[in-house]
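The values are calculated or read from the model by the stated rules, or taken from the named source; none is laboratory data. Worth saying up front: this structure is predicted, and the values here are computed from it rather than measured. Quick reminder, even Gly has a Cβ in these numbers, built from the backbone with ideal geometry, and neighbours come from all protein chains shown.
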Amino acid sequence: MRGLAVFSSILFGFAAAGFATPAASAPPAPPVDAASVAAAQQQFAQDLAKDSGLDAKAILATLAKAHYQQSIIDAITRPAEAKPWKEYRPIFVTDRRVADGVAFYRANEALLRKVSTDFGVPPELIVTILGVETNYGRITGRYRVIDALTTLGFYYPPRQDFFRGELKQLFLLRSPSFPYAPEDLMGSYAGAMGWGQFMPSSIAHFARDGDGDGKVDLWNSPADVAASVANYFVAHGWQKDGPVALRATVSPEARAVTPGTLEPVYPLQQLAEWGYTIDAKPDALKPDSIKPDSIKLDPMTPATLIVLDGADGPETWITFENFYAISRYNRSPLYSLAVYQLSQAIAHEMAEDTPAP
């Protein structure tokens, strides 16, 4: 999760195809000579030992087990194909993904509802994240994490500080609650791990022991995985029962607004004065499932705008704090809106299956 989120969305080829769209393609990595790497690793081990009390020789011995992987450099420098929303959404929000999400939801409903009650995060959002990131734990990554983080930390100067920080955290993770040797962990090419694709720093700060066995197992314990994903959202500002994203009606005289951030910084009242109001048909995959009368928001609710290239022309969306929380998982607004819409479609199908009281 970048924090969690350098996030390689590995399922469905999002990273490989560039669908998790970064702002621009990553810069190429200049050549790095062996002597420079050896010196940098020596300094890394000394600094980490000084800060943590770990043994510098043991750190170097672990780093010596890491293998440079050219495919990791290739993956992170691959140009991103920034698809517009009209092409991105049909790839992301499909009947198959809805059906798979509903099946997982049904199979784990008691657990998901408990986690939702404990954290205030909708079960369908947890389901969607696990499906999108790793196909419910089926595709969690084929690289050793020590290889990924060492390769990127010492052979990819454009982001070496970030990845060395994650490598440092990898060494610091080992504890009774996380009893895994750094060289044994598997993950994505960027070092993200488990069903929810947590980076080491996210494991340190947000992972939770959901089943009460004293360990955090993000590979084999659905309870730990669900609690960790929910806690990540809460830690990044998720508001229980709060709005996420609503289609906007744009007046012909609307003032141009270019926020430059997904953080909600304008009161709804301000946006309305500028010509942006909530559409009568908001954001559900099946719009009639949400009635306009149910949308009652305080005029001072913080929000912002995104404009996407939709199938029928520009789409303007009013987004809120919960949309921003989703974007902490992946900073692409397309990813965040698609995740939300997919979660709404899953929730709609689950509601259709629930008998009326």
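Quick look at the values:
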read-out: Which listed residue is of a type in the set (S, T, N, Q), touching a Ser or Thr at 6+ places or on another chain (Cβ under 9 Å) and at pLDDT below 95, from Ser294, Ser332; value: Ser332
read-out: Selection within the range 125-165 - of a type in the set (D, E, K, R) and crowded, with 24+ Cβ neighbours inside 10 Å; value: Glu133
read-out: Of all residues making up the range 239-264, the number that are modelled with pLDDT of 95 or more, of a type in the set (Val, Ile, Thr) and within 13 Å of Ala303 (Cα to Cα); value: 1
read-out: Residue in the range 69-89 that is touching an Asp or Glu at 6+ places or on another chain (Cβ under 9 Å), closer than 30 Å to Thr150 by Cβ and either surrounded by 20 or more Cβ atoms within 10 Å (Cβ to Cβ) or in contact (Cβ under 8 Å) with a residue 40 or more places away in the chain (or both) present; value: yes
read-out: Single condition Gln42 does not satisfy, out of (1) touching a helix residue (DSSP H, G or I) at 6+ places or on another chain (Cβ under 8 Å); (2) modelled with pLDDT of 95 or more; (3) under 22 Å from Leu185 (Cβ atoms); value: (3)
read-out: Near pairs, Cβ below 9 angstrom, 6+ apart or cross-chain, from the range 177-202 (under 19 Å from Ala226 (Cα atoms) and in a strand (DSSP E or B)) to any residue that is at pLDDT below 95 and among the aliphatic types (A, V, I, L, M); value: Phe198/Met1; Phe198/Leu4
read-out: Filter result (at pLDDT below 95 and in a loop (DSSP other than H, G, I, E, B)) within the range 45-64; value: Gly53
read-out: Test result for Arg208, of a type outside the set (A, V, I, L, M), over 14 Å from the mean Cα position of the chain (by Cα) and crowded, with 17+ Cβ neighbours inside 10 Å; value: yes
